[in-house]
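Student: Okay, handing you the structure first.
Just so it is clear, none of the values below were taken in a lab; they were calculated from the coordinates. Since we're looking at a predicted model, the values are computed, not measured. Here the Cβ is made from the backbone with ideal geometry for all residues, glycine too, and neighbour counts use every protein chain on show.
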Amino acid sequence: MLQALRGMKDILDENSKRYLYFVENCSRIAQNYGFSYIETPMLEETALFKRSVGESSDIVGKEMYQFTDKGGNDVCLRPEGTAGVVRAFIQQKFDRAKVQKKFFYYGPMFRYERPQKGRLREFHQFGVESFNQSNIQEDAVIILMLKDMLDFFGIGYKLELNSLGCSECMPTYREKLVNFLQNEEGICEDCKRRRDTNPIRVLDCKNQHCQDIYANAPLLLDNLCSACSEEFAELKSILDKFEVKYTINPKLVRGLDYYNKTAFEFVSDKIGAQSAIAGGGRYDKLVEYLNGKPTSGIGFAMGIERLMELIVMPESSKESYYVGALCPEASELCFKLAIDMRKTKKVNLNYDVKSLKNHLKIADKQGARYCVCIGEDELANDNAWIKDLRNKSDKTLSYGELLD
Ligand code: HAM
């Protein structure tokens, strides 16, 4: 039997209900915050991800779905959404116009990782990106919006926060860290490689022995310049005012290379080892890395599969209608009735003529609230019989009344 590829899943039935409920409500909340929808291609030039997500990241180093297309182009299925949105922003020359832009998006992302619970090779993200807004209040608003979304779905979380500094303070810190690492031969091979490519990435190494060593490593937060330090303090104070709980994690560095200043992750302790449900931060140099004019940026992305099982769905509103004919002559009218009712209502039509008892049974099985049937009597009187399956009452309504 043909099967979906390893690490890739169909979304259907209860999960597709959750998926739609999730993206519809996140889209609504994002629009309330002034974000508009953007859709970028799933396939992009490989160079885009190498230059943004970064050559030293696991994503680019090990996990890309990369191939040469029929035209000989080196292309790649997007492993994340930010790079494509930044590419589109520059392609539209929004960087030159210096406009503020706020986008939201959702859709599939591809990473060739080792599949396990909560870690897929094709997964879905809901993300936002905000350009040309360097005020620290925007960082707070981005976090508050994400919190609003998680609160709406009744999803509990812990927020971890860090600042990765800027081009003022980061180089000095990096030098300190490299010096520290130079004296530590016991670190793992991955960390030795990172020491030469992107040293701060060693800080979130999963190896316990490395972590024991890094307990004494210099911390970025102790080495921020005064501007970064003040901004970080302001961010914390806004979050405090809005009673957003967070913990400072000075080793939170994120797995993508483009971040500076604010970095954050929302984690859940209810979904197993892959606990990050959302992550994001500032990327004020990324537009320039991709040859755009200097433009600040900040955003986040949530992993929809990881959130899906945590969403508290509203009581299923059993408001749908079931329509069925009791005699062959009523079939045509039932067909027309269903089409007309669907302008305003959710209607399931049974094309087969059945007894009342059978129609009621099927309507109930399908989870309909109302069962509408037309037989010889109803046809003669130009009306229809309707039963409310929840409170068990029934009555006869005219065609017009049914449409109301
Ligand atoms: P990220 O942390 O790589 O950030 O991914 C965001 C979220 O996607 C994660 O927190 C996780 O929930 C989900 N996720 C990542 N990999 C997988 C996987 N293999 N299977 C299932 N879910 C996964 C980004 O992608 C950045 N683009 C976020 C961002 C936007 N930063 C600024 N703007």
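Student: Using the charge dipole of region 113-269 (Lys, Arg: +1 at Cβ; Asp, Glu: -1 at Cβ; taken about the Cα centre), state which of Q116, T262, Y214 has its Cα farthest towards the positive end.
Tutor: Positive-most Cα among the choices belongs to Q116.
Student: With unit charges on the beta carbons (Lys and Arg positive, Asp and Glu negative) and the dipole taken about the Cα centre of the chain, which residue among N249, M42, T68 sits farthest to the positive side?
Tutor: T68
Student: About the Cα centre, and with charges only on the beta carbon of Lys, Arg (+1) and Asp, Glu (-1), how big is the dipole of region 131-290? Nearest 20 debye, please.
Tutor: Computed about the Cα centre, the dipole is about 300 debye.
Student: Nothing charged except the Cβ atoms of Lys and Arg (+1) and of Asp and Glu (-1): what's the magnitude of the dipole of the chain about its Cα centre? Round to the nearest 20 debye.
Tutor: 300
Student: In whole Å and largest first, what semi-axes does the C-alpha gyration tensor of region 321-403 yield when each eigenvalue is scaled by 5 and square-rooted?
Tutor: 16, 14, 13
Student: Along the positive direction of the dipole of the chain (beta-carbon charges: Lys, Arg +1; Asp, Glu -1; about the Cα centre), which of Y173, S163, N135 reaches farthest?
Tutor: Towards the positive end, the residue furthest out is Y173.
Student: What percent does the relative contact order of region 6-136 come to when contacts are Cα pairs within less than 8 Å and at least six residues apart?
Tutor: 29
Student: Compute the distance from the alpha-carbon center of region 107-137 to that of region 29-77, in whole Å.
Tutor: 11
Student: I need to check one value: relative contact order of region 321-403, counting alpha carbon pairs closer than 8 Å and at least 6 residues apart, in percent.
Tutor: This gives 31 percent for region 321-403.
Student: For region 157-185 and region 375-404, write down the distance between their C-alpha centroids in whole Å.
Tutor: Using only Cα atoms to place each centre, the spacing works out to 71 Å.
Student: Could you state the angle between the C-alpha long axis of helix 136-152 and the longest principal axis of the C-alpha atoms of the chain, as a value from 0 to 90 degrees rounded to the nearest 10?
Tutor: 40
Student: Compute the Rg to Rh ratio over the chain from the alpha carbon atoms, using the Kirkwood formula for Rh, and round to two decimal places.
Tutor: Reported Rg/Rh (Cα atoms, Kirkwood Rh): 1.11.
Student: Further, regarding this structure: Can you tell me, using C-alpha contacts under 8 Å and at least 6 residues apart, the relative contact order of the chain as a whole percent?
Tutor: Once normalised by length, the contact order is 16 percent.
Student: Taking the convex hull of the Cα atoms, report for region 7-71 its projected area averaged over all directions, in nm².
Tutor: Spelled out: convex hull of the Cα atoms, projected over all directions, averaged, 7.1 nm².
Student: Calculate the dipole size of region 321-403 relative to its Cα centre from +1 charges on Lys and Arg beta carbons and -1 charges on Asp and Glu beta carbons; express the result in debye to the nearest 20.
Tutor: Using Cβ point charges on Lys, Arg, Asp and Glu, region 321-403 gives about 620 debye.
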